[in-house]
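Peer 1: One structure coming up, written as structure tokens, with questions to follow.
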Amino acid sequence: MTKPIDTSIYTAVTDAIRTEAQRILSEGQVSAIVGYAAARRKGSAQPIVISQPDDAAKLIFTPACVNNLAVYLTKAKKEIPKSGKIGIVVKGCDLKALSGLMGESQLKREDIYLIGVPCAGVLASTVQPATELTTDSIAPKCTECDAHLPTGCDFVPAQTPVAADLEKKYAAEITRLEALTPAERWAYWKEQFSKCIKCYACRQVCPFCFCEQCLCDRNKPQMVDTTPRPAGNTAWHIVRAMHLAGRCAGCAECERVCPMDIPLNLLNRKMAKELKELYDHEAGFEVLDKGPLNMFTEKDDQSFIK
Amino acid sequence: MSRIGVFICHCGENISRTVDVERVAQEVGKLPGVAFSTDYKYMCSDPGQNLLKKAIQDQKLSHIVVAACSPRMHEKTFRKAVEAAGLNPFLCEMANIREHCSWVHENKEEATVKAVEIVGMMVERVKKNRVLPTITVPVTKRALVIGGGIAGIQAALDIADCGHEVILVEREPSIGGHMAQLSETFPTLDCSQCIMTPKMVDVANHPRIKLYTYSEIELVEGYIGNFQVTIKRKARSVNEDTCTGCGVCMEKCPVRKIPNKFDCNLGMRPAIYVPFPQAVPNTPVIDRENCIKFKTGKCGLCQKVCGPGAVDYEQEDSLVVEAVGAIVVATGFDLYTIDEKPKGSAIKGYGEFGHGKIPDVIDGMTFERLASASGPTGGKILRPSDGREPKQIVFIQCIGSRAREKGISYCSKVCCMYTAKHTMLYHHKVHDGQAYVFFMDARTPGKSYDEFWRRSIEEEEAVYIRGMVSRLYQKGDKIVVMGSDIAVGVQVEIEADMVVLATAVQPQKGADLLAQKLGISYDKYNFYSEAHAKLRPVECATAGIYLAGACQGPKDIPETVGQASAAAAKVMTLFSKDKLEREPIVARVKESGCVGCFACKKVCAYGAVEEKEIRDRQGNLIKTVAFVNPGVCAGCGTCQATCPSKCVELDGYTDEQVIAMIEAL
Amino acid sequence: MQKFISEQNLNTLLDTLIAAGTRVVAPRMNAGTPLYEPLTSAAEMITDQLPRRSAKEAFFPVCEDIMTYEKEGQKVTVTDIDPSRFPETVLVGVRPCDAVAIPVLDAVFSWDYKDEFFLERRKKTTIVGLACTTADDACFCTAVGLSPDETKGSDLFLTPLEDGGYDCRTYSEKGETLVNRYPQLFSEPTGSKAVPLAEPQIEKFDLKKVKAWLDENFENPDWDSIATRCVGCGACAFVCPACHCFDIVDEGTEKAGKRRKNWDACGFSKFTNHASGHNPRDQQPKRYRNRIMHKFKYYDDKFGQTLCSGCGRCIRVCPVGIDIAQIVEEINKKDI
Amino acid sequence: MHSEKQKHTFEPKIIAFVCTWCTYAGADLAGTSRMQYPSNVRVLKFPCTGRIDPVFILKAFQQGADGVLVSGCHPGDCHYIAGNFHARRRFAVFRKLLEFVGVDLNRLQFSWVSAAEGGKWVEVVTDLTEKVRAMGPMTEFKELAMEEQWSGAIDTPELKEAYNQI
């Protein structure tokens, strides 16, 4: 049964973000802030970079603030001014990505000013931006969220989000797929991957796809076919999932932005599940020296090795 | 366009019996890029190699594939031949059609088809091979030896005698180590100090040995041939250059009752002291914890009496940096302290044996000091509690060693022999005394060792009881030892005057921390790991670092000396050339694409990956990228498989080569 | 020619065509996503959703082979793909915003070089347009001077009627041929009222004025504020009915392979990356500027047409909410 | 061992990625010991299993492998200290990914074969070959390789026929 999700704190959160942004910009603590602003379409939001204290009033937080802004602080986005400290508005899921980026030497904590957002959830990509946030319209990732309230930030508004207890959509879908035969799973993914047109939106929004030279763009050697045909598409998505294994922080941006509705985050969640089971690894707010696939223990599982 | 030459070897009949070599040569000749293909009876023979060289010149070949035996067998042979013909040796690959084909298949058709595919795969691979220049690394011909026991001393003397400078670093105020503490040595019973002290003096007098005692390793940077080592010289409070070693300071020091660690705390020393009279250097050190001057600011007697004015209360710890090309680690061992559970260790203590509680329960090293002519009792065996001569003495072997339930499963190797020696020394000094030994097995492999052990029973009247002791307790001035004799199957109870425990040999405390500074690996007991248990027993997996003595595992003196000389020989081999040549199979970073995530650095077991800053002409930092030090890289390629953007490539095993091989199939 | 066709007869028409071996391409659901794809049965066709990708791929595929090669010994054999083997196709249920872009593409594919792959498909395809009755706030066909019942580009155009069925008008010989091939399925117009057309919200742009501004403002700080947030994916270009950039790649092994023509997008950082490593469009705002310039200036300069039909797809798929309608609207409001 | 050769209708293609120090040497030992095993395996030598990129496995399947073997030194025996430990984690995760997209893991074998285990090499290769032979050809990736986007396909029946000939 569809139930509304309480987003009443978002107005107060928006006010708090504006006040803080105004303060740190005018005090010169940061040179710019990456946040969300309202866009033309009804109820919609878009990323914005502001550098003037007056522009702080443009910042908002609503259920349409789906983007993981961490991507703007990676090397893939050289255009964002890097002269000085940057403020960034982060949800819990986005903060995990920032922590991962710090662990991978892409960011330094002292170079960023974290404005954490208490978040009860954001909208799914399948609904119009003006939709009310409900148990149906909520983004699937939010059903599995354990990070409604970011910690370790420089500023977090005082509001406490009301976290609804929701059916875990990915876990359920993974369980469903795992119960299928390999041939059935192959058929499922084949259908999904065949839609892919290699627009690389999944790669471009991913905070962890910060490589200057993507392996899949290389042709000497051609590790992965670049053409958007079923073979190359399948290879691309397998390689993408593997490269994110142990790094993905679960923001689900890849899946949200896919114009062909490919459930990409399922692959990432499956990898996360395996890493949890195998090595007790979970993406969190903590900055790790080494990711789970950059380390080992002598006692690691090898039941699959003859 | 590449002009590839393919040479198919018959290997007598070893290959040609199951593989149709002519057909392989013919089929392979059709592959794109192949300019010449032929077969020959014995490619590795002189005529075979000449055929190869001649074809390279006549046919102007650019790449070579020799299809023959395993590359593990003849890759070097053919690469040399190719080099002699003027091609870079790394433009030659071998296709293994013997071990992996003709010898393991019977069906000629199948084997021939497989051979064609194996060769085809190598043809595609060799096409992508690049000219690889041999890597040379300069060698600093100075060695660092860490630890001034017999192992370190021997290694230092050998290297120095060979003409190279040696830096010898010792943590204690004097070199000598455990061997200097021993009374006599098995199996010859010669006096340990008599054979040890001349070597110590040799070290002190050697023009090419720079000795840093009372010093520790702070930081190790660099790689084989080019290490920079920072050494911390702890403040001695006595100037080594001006001190004459007259000893007046020690005589005048008002603090006299400090237990001397060298004598296992049985003897006493002043606050300004040398650990033992034959110490090298013979320069005292002030024990600042016990010195009145340091505690209260008063006294200063030693400074007043010092003629040359060597006493310096203001001295501070100092750091020196030494450049060396090789490091010998000889940090030795320590004895298992049974009444303590080492912090954070899985190893359990032996509380039930009363060590540390019952004064006359002592360990083997304490017994050595009692038996030593220069020891606290002048060589008399006397009980620490009341100074009486023990008439019944019990030795218990395997305390800690071979005790899986206590967390140590290895054999300490020297205890059987030194316990036998102890019974003899005891018998020589206490003629009316009786020695008992509880033992599990007697392990006496070694020249004259078993004879020595038998002598202790047959001539020196030691009673050996096979079995373990279950409990010890003080009863009056006796120590009741309860155990079992499993050979006879009875319970044994002995009222002893003294009990000596043969405690396990363990690595020095902090061995793991030193290993982390050096970047060498160690086992779960903190013993250092050799590169190969059989074939590279004195080398560490980290190039340029060698092991000597008990830091690698329990050893007796002859074995330690032998390994120390072996380590020295390895160092001298390294120093025999001005530049170090190595196979150019190393990883290289493509800096333009590197994003500096340092996943490569995280997985490199050799610490070969460094961080390198890239700056523009104005000196502004553009980015920080990974840099693989070719001197340190061992060429495993784990970094490349880990790099998300494949911006680090292992020469000789590039993605291009691998993909070409897969695509050839 | 003006006719009436009932929904049932339309289905019969399509099923008959399919049975006759004609490829019928229409909007259908593929794994939950509406796409223009070949139908196996008319029942698969959907008319209530705008396909996620445009109809351009019927002429300009996502990926197509243009040549194959084989190597043996020192010999290389090259075989060209023969476009005459392309199948006869009827493209049905095409939205006006998609159909209108097809003749726009004719200009570029038959300019100095005649792209036989595009033109052959064009020749063999009959386009059946469908008037639009719903619009969301991303739709802006009216703003670029088109309308939900724009017939340009369609050979045959269907307008849904309130009493069911479609008003059906032909606009080319191909359209007439199709009607004449199955006359029994069509009847005379009923005079029934058409379902009210969709009403996009954005006011009409003065495209001349927009172009005039673009002519003068290649360098303008506004580009940074417009596109700093662009993440450089190709989603907008790939769903666009008018974007037509492609890349030629060779894929294969040492022994055999194919030369392929794939969609490309000016948003990609590699798009203008030179072999030397130099990239004239080295920042994302410069790449996004090219997208706007190409649509509203360069194409106009060369072919006198605008390269945007207001379908709104790029607005809907943009990961970071870049809104081309809003951007052009703002340019339109500027004082020149 | 296989003194009587059976005729099989399907000969699977097996690609083995092995490290040079242990498994390659183990396979050499099988040769010097004149052990016999099916001729279906093609060996690619690497310095260490740590060098083996999951993409190679994917590529092997794409290039028509019916089975893939990855083999290296036993834990603790790695010539490069820890390469095999890193590989173990990498492949533990990668195989789960392949399984999730629908690859039957019976086609992907991992093993530790030391330089002394010629017999184990023979056993591993024989078992995998026979297992894959019983499963039949790996059609998934081959089918994909033949598939085109509908708009780019030229002649579907011809492509189908070409595929059937594989």
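Only the coordinates and a few stated rules stand behind these numbers; no lab work does. Every value quoted in this text rests on a predicted model; they were computed, and no experiment measured them. Note: ideal-geometry Cβ built from the backbone for every residue, glycine included; neighbour counts use all protein chains shown.
Peer 1: For chain A, what is the per residue volume of the convex hull drawn over the alpha-carbon atoms, in cubic angstrom? Working shown, then result.
Peer 2: Numbers: hull volume 47.1 nm³, N = 306.
Roughly 154 Å³ of hull volume per residue.
Peer 1: Put +1 on the Cβ of every Lys and Arg and -1 on every Asp and Glu Cβ in the range B:235-316; which of B:299, B:243, B:278 then has its Cα farthest towards the positive end of the dipole?
Peer 2: After comparing all options, I get B:299.
Peer 1: Further question: Over 5 Å intervals from 0, what percent of Cα-Cα pairs in the range B:338-506 sits in each interval?
Peer 2: 2, 9, 18, 22, 22, 16, 9, 3, 0, 0
Peer 1: Just checking the output field for A:288-300: average partner chain Cβ neighbours within 10 Å of each residue's Cβ?
Peer 2: For peptide A:288-300, the averaged partner shielding equals 5.
Peer 1: May I ask you to evaluate 6.51 cos²θ - 1.76 cosθ + 1.60, the Karplus curve with θ = phi - 60°, for each residue of the range B:593-601 and list the ³J(HN,Hα) values in order in whole Hz, giving x for glycine and proline?
Peer 2: Listing the rounded values in order: x, 5, 9, x, 7, 6, 4, 4, 5 Hz.
Peer 1: Follow-up question, since we're still on this one. Provide, for q = 0.09, 0.11, 0.12 Å⁻¹, the log10 of I(q)/I(0) from a solvent-free Debye sum over equal Cα point scatterers in chain C.
Peer 2: The calculated log intensity ratios at q = 0.09, 0.11, 0.12 Å⁻¹ are -0.53, -0.78, -0.91.
Peer 1: Using the scaling law 2.2 N^0.38 Å as the reference, what is the normalised Cα Rg of the range B:235-316?
Peer 2: So the range B:235-316 has a normalised radius of gyration of 1.00.
Peer 1: While we're here: For chain A, set up a Gaussian network in which alpha carbons nearer than 10 Å are linked by springs, and say which option among A:271, A:295, A:260 fluctuates the most.
Peer 2: Between A:271, A:295, A:260, it is A:295 that shows the largest mean-square fluctuation.
Peer 1: PRE reach from residue B:107 (point 7 Å along Cα→Cβ): which of the range D:22-52 fall under 11 Å by backbone N?
Peer 2: Zone members listed by number: D:38-40.
Peer 1: In debye to the nearest 20, how big a dipole does the range B:235-316 give about its Cα centre with +1 on each Lys and Arg Cβ and -1 on each Asp and Glu Cβ?
Peer 2: Around 420 debye, computed over the range B:235-316.
Peer 1: Right, here's the next one. Compute the semi-axes of the equivalent ellipsoid of the range D:40-80, taking the square root of 5 times each eigenvalue of the Cα gyration tensor, and list them largest first in whole Å. Don't jump to the answer; show the numbers that get you there.
Peer 2: Working: eigenvalues 95, 24, 13 Å².
Each semi-axis is √(5λ); the values are 22, 11, 8 Å.
Peer 1: Just want the answer: with Cβ charges of +1 for Lys and Arg and -1 for Asp and Glu, which residue in C:265, B:129, B:90 is farthest toward the dipole's positive end in the protein assembly as shown?
Peer 2: Checked the options; the winner is B:90.
Peer 1: Below 13 angstrom from the Cβ of residue C:211, what's the summed charge of the other residues (Lys, Arg +1; Asp, Glu -1)?
Peer 2: +1
Peer 1: Over 18 Å, how big is the tail of the calculated P(r) for the range A:9-143, in percent of all Cα pairs?
Peer 2: Value for the range A:9-143 (Cα pairs over 18 Å): 53 percent.
Peer 1: Select from C:297, C:75, C:152 the residue whose mean-square fluctuation is largest in a Gaussian network model of chain C (Cα-Cα springs shorter than 10 Å).
Peer 2: Checking each option, the largest mean-square fluctuation is seen for C:75.
Peer 1: Determine the relative contact order of the range B:4-127: mean sequence separation of Cα pairs under 8 Å and six or more apart, normalised by residue count, in whole percent.
Peer 2: About 33 percent, as a whole number.
Peer 1: Okay, moving on. Mean-square fluctuation check for chain A, GNM, Cα pairs under 10 Å: which of A:162, A:205, A:71 is largest?
Peer 2: A:162
Peer 1: Please work out the Cα center distance from the range C:176-244 to the range D:84-144, rounded to the nearest Å.
Peer 2: 52 Å
Peer 1: Next up: State the Kirkwood hydrodynamic radius of the range A:91-151 in Å, one decimal place, computed from all pairs of distinct Cα atoms.
Peer 2: It works out to 13.0 Å.
Peer 1: Right, next: Using a simple charge model, +1 on the beta-carbon of Lys and Arg, -1 on the beta-carbon of Asp and Glu, nothing else, what dipole does the protein assembly as shown show about its Cα centre, in debye to the nearest 20?
Peer 2: 1940 debye
Peer 1: Further question: From the convex hull of the Cα coordinates of the range B:541-584, what is the mean projected area in square nanometres?
Peer 2: 3.6 nm²
Peer 1: With the alpha-carbon atoms as the only input, what is the per residue convex hull volume for the range A:203-289 in Å³?
Peer 2: Spelled out: Cα convex hull of the range A:203-289, divided by residues, is 117 Å³.
Peer 1: Considering every Cα-Cα pair within chain B, what fraction, in whole percent, is farther apart than 33 Å?
Peer 2: Details: 134401 of 220780 pairs.
The proportion of pairs with Cα distances above 33 Å equals 61 percent.
Peer 1: Using the Kirkwood radius over C-alpha pairs as Rh, can you work out the diffusion coefficient of the range B:583-664 via Stokes-Einstein at 37 °C, viscosity 0.692 mPa s, in µm² per second?
Peer 2: Stokes-Einstein gives a translational diffusion coefficient of 249 µm²/s.
Peer 1: I've got another one for you. What number does the range B:469-589 give for Rg over Rh if you use C-alpha atoms and the Kirkwood radius?
Peer 2: Numbers: Rg = 22.9 Å, Rh = 18.5 Å.
Using Cα coordinates only, the ratio equals 1.24.
Peer 1: Now for a separate question. Hey, could you pull the Cα Rg and Dmax for the protein assembly as shown, both in Å?
Peer 2: 40.2, 136
Peer 1: Quick one: of D:13/D:142; B:509/B:555; B:602/D:120; A:306/B:108; B:80/D:59, which pairs are farther than 23 Å apart, Cα to Cα?
Peer 2: Over 23 Å apart, Cα to Cα: B:602/D:120; A:306/B:108; B:80/D:59.
Peer 1: Which lysines, if any, have their Cα less than 18 Å from the Cα of residue C:211, not counting same-chain residues under 8 positions apart?
Peer 2: Hits, sequence-local ones excluded: C:286, C:295, C:297, C:302, C:333, C:334.
Peer 1: Over the residues of the range B:4-127, compute the C-alpha Rg and express it relative to 2.2 N^0.38 Å.
Peer 2: Scaled against compact globular proteins, the figure is 0.93.
Peer 1: To continue, here is another question. Using the Kirkwood formula over every pair of different C-alpha atoms, what hydrodynamic radius in Å results for the range B:524-604?
Peer 2: Result for the range B:524-604, one decimal place: 15.4 Å.
Peer 1: To continue, here is another question. Could you list which residues have their amide H under 5 Å from that of residue A:32, counting only those 5 or more apart in sequence or on another chain, with H placed in the peptide plane?
Peer 2: Long-range HN contacts for residue A:32: A:87.
Peer 1: May I ask you to list the lysines whose Cα is less than 17 Å away from that of residue B:210, ignoring any residue fewer than eight positions away on the same chain?
Peer 2: The reachable lysines, counting only those whose Cα sits under 17 Å from residue B:210, are B:141, B:199, B:232, B:234.
Peer 1: Would you work out the relative contact order for the range D:14-138, in percent, from Cα pairs under 8 angstrom that are 6 or more residues apart?
Peer 2: Computed value for the range D:14-138: 39 percent relative contact order.
Peer 1: Largest first and in whole Å, give the semi-axes of the range D:14-138's equivalent ellipsoid, each being the square root of 5 times a Cα gyration tensor eigenvalue. Write down the numbers at each step before the final one.
Peer 2: Working: eigenvalues 91, 73, 23 Å².
Ellipsoid half-lengths, sorted descending, are 21, 19, 11 Å.
Peer 1: Additional query: So if we plug the beta-carbon distance of residue B:482 and residue B:409 into 1/(1 + (r/R0)^6) with R0 = 35 Å, what FRET efficiency do we get, rounded to 0.05?
Peer 2: 0.85
Peer 1: From the residues C:294, B:212, C:201, which one has its Cα farthest along the dipole of the protein assembly as shown in the positive direction, the dipole being from +1 and -1 charges on Cβ of Lys/Arg and Asp/Glu about the Cα centre?
Peer 2: B:212
Peer 1: While we're here: Using modelled amide H (1.01 Å from N, peptide plane; none on Pro or chain starts), what sits under 5 Å from the amide H of residue D:42, excluding residues fewer than 5 places away?
Peer 2: HN-HN under 5 Å from residue D:42: D:14, D:15, D:16.
Peer 1: How big is the Kirkwood radius of the range A:101-222, worked out from every pair of different alpha carbons and given in Å to one decimal? Intermediate values should be presented prior to the final figure.
Peer 2: Numbers: mean 1/r = 0.0544 Å⁻¹.
Final number for the Kirkwood radius of the range A:101-222 is 18.4 Å.
Peer 1: If you average the sequence gap of Cα pairs under 8 Å that are 6 or more apart and divide by the length of chain B, what percent do you get for the contact order?
Peer 2: Value for chain B: 13 percent.
Peer 1: May I pose another question? Quick one: net charge of residue A:22's neighbours, Cβ under 14 Å, K/R +1, D/E -1?
Peer 2: -2
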